[in-house]
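Just so it is clear, none of the values below were taken in a lab; they were calculated from the coordinates. Remember, predicted model here, so these are calculated numbers, not experimental data. Positions of Cβ are backbone-derived with ideal geometry, glycine not excepted, and every protein chain shown enters the neighbour counts.
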Ligand SMILES: Cc1cc2nc3c(=O)[nH]c(=O)nc-3n(C[C@H](O)[C@H](O)[C@H](O)COP(=O)(O)O)c2cc1C
């Protein structure tokens, strides 16, 4: 039995009274999950919609708590409480074998909501450790490993891929790829991108249809 962790981050719902407003990234991710669950109904499934329910931004107290050794953590108000939600999110990541993250492109990167989730889980001695004796590169190393990561993105424009006309503006997938090591998914990262939403033309319809097909076929392959 495996555990599937699914993080959505669009502020739009998957289904709206006007379907033109439906989140594209959430619907592509949903296609992946439905296919997976048909093949492996016994698998555990953890879902978070950080677009609708954003994690708190980290704070000075949060950082203070992170860098206080467990035996010295203060109470009350306890530093453990400050980190409780972060602990929960990290436990979900640690338990997962497969992590699916869906993200819209907002201002050429990820939504602040998703960045807030990453800030809560990229934590010293939980998801990475730091040792200067390893030298300049890399003093910082991931702790988790062996996970499969699937990234689903949707953008209004197009051409953010390597060699594309907006390659230098595409900070969403590269940022997610950089952070993937802290999720334990550095070796197996799959990307599914839907583009052209702002053009609303045939290219958009084809791009979304291809992304949905790819989500279905990838879920089928990975859940065999
Ligand atoms: C606040 C905001 C910022 C956006 N910024 C960009 C952008 O920088 N580049 C782009 O290609 N599309 C941008 N878009 C378009 C979205 O990426 C596009 O609508 C995408 O489909 C949203 O994902 P969703 O359908 O899952 O909600 C932006 C949309 C919003 C609402």
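So, in the range 32-51, how many residues would count as being assigned to a loop (DSSP other than H, G, I, E, B) and touching a strand residue (DSSP E or B) at 6+ places or on another chain (Cβ under 8 Å)?
Number satisfying all stated conditions: 3.
Could you please find all residues in the range 176-216 being surrounded by 20 or more Cβ atoms within 10 Å (Cβ to Cβ) and not in a helix (DSSP H, G or I)?
184, 185, 192, 193, 194, 195, 196, listed by residue number.
Can residue 29 be described as part of a helix (DSSP H, G or I) and in contact with a strand residue (DSSP E or B) (Cβ under 6 Å, 6 or more places away or on another chain)? Quick ask: steps written out before the conclusion?
Details: part of a helix (DSSP H, G or I): yes; in contact with a strand residue (DSSP E or B) (Cβ under 6 Å, 6 or more places away or on another chain): yes.
The answer is yes for residue 29.
Scan the range 58-71 for residues that are assigned to a loop (DSSP other than H, G, I, E, B) and surrounded by 13 or more Cβ atoms within 10 Å (Cβ to Cβ) and jot them down.
Applying the first criterion (assigned to a loop (DSSP other than H, G, I, E, B)) to the range 58-71 yields 58-59, 67-69.
Within the range 58-71, 58, 68 qualify.
Pick from 173, 219: which is within 17 Å of the chain's Cα centre (by Cα), in a helix (DSSP H, G or I) and within 13 Å of the ligand (Cβ to nearest atom)? Quick ask: steps written out before the conclusion?
On the way: 219 fails: within 13 Å of the ligand (Cβ to nearest atom).
Going through 173, 219 in turn, just one is within 17 Å of the chain's Cα centre (by Cα), in a helix (DSSP H, G or I) and within 13 Å of the ligand (Cβ to nearest atom): 173.
Is it true that some residue in the range 126-146 is closer than 23 Å to residue 214 by Cα, more than 16 Å from the ligand (Cβ to nearest atom) and within 13 Å of the chain's Cα centre (by Cα)? Talk me through it step by step, then tell me what you get.
The initial filter retains those residues of the range 126-146 that are closer than 23 Å to residue 214 by Cα, namely 146.
Now restrict to residues that are more than 16 Å from the ligand (Cβ to nearest atom): 146.
Right, trim to within 13 Å of the chain's Cα centre (by Cα) and you get none.
No, there is no match, as no residue in the range 126-146 is closer than 23 Å to residue 214 by Cα, more than 16 Å from the ligand (Cβ to nearest atom) and within 13 Å of the chain's Cα centre (by Cα).
Here's the yes/no breakdown for (1) surrounded by 13 or more Cβ atoms within 10 Å (Cβ to Cβ); (2) within 28 Å of residue 198 (Cβ to Cβ); (3) within 14 Å of the ligand (Cβ to nearest atom):
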position	(1), (2), (3)
5	yes, no, no
16	no, yes, yes
27	yes, yes, yes
46	yes, no, no
53	no, yes, no
56	no, no, no
73	yes, no, no
79	yes, no, no
102	yes, yes, yes
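State which residue is surrounded by the fewest Cβ atoms within 10 Å (Cβ to Cβ) when the search covers only the range 134-172 and only residues that are in contact with a strand residue (DSSP E or B) (Cβ under 6 Å, 6 or more places away or on another chain) and within 22 Å of residue 23 (Cβ to Cβ).
171
How many residues are without any contact (Cβ under 8 Å) to a residue 24 or more places away in the chain and either on the phi < 0 side of the Ramachandran plot or within 16 Å of the ligand (Cβ to nearest atom) (or both) when one looks only at the range 147-170?
First pass over the range 147-170, keeping only residues without any contact (Cβ under 8 Å) to a residue 24 or more places away in the chain: 162-168.
Retained after the next criterion (residues that are either on the phi < 0 side of the Ramachandran plot or within 16 Å of the ligand (Cβ to nearest atom) (or both)): 162, 164-168.
Qualifying residue count for the region: 6.
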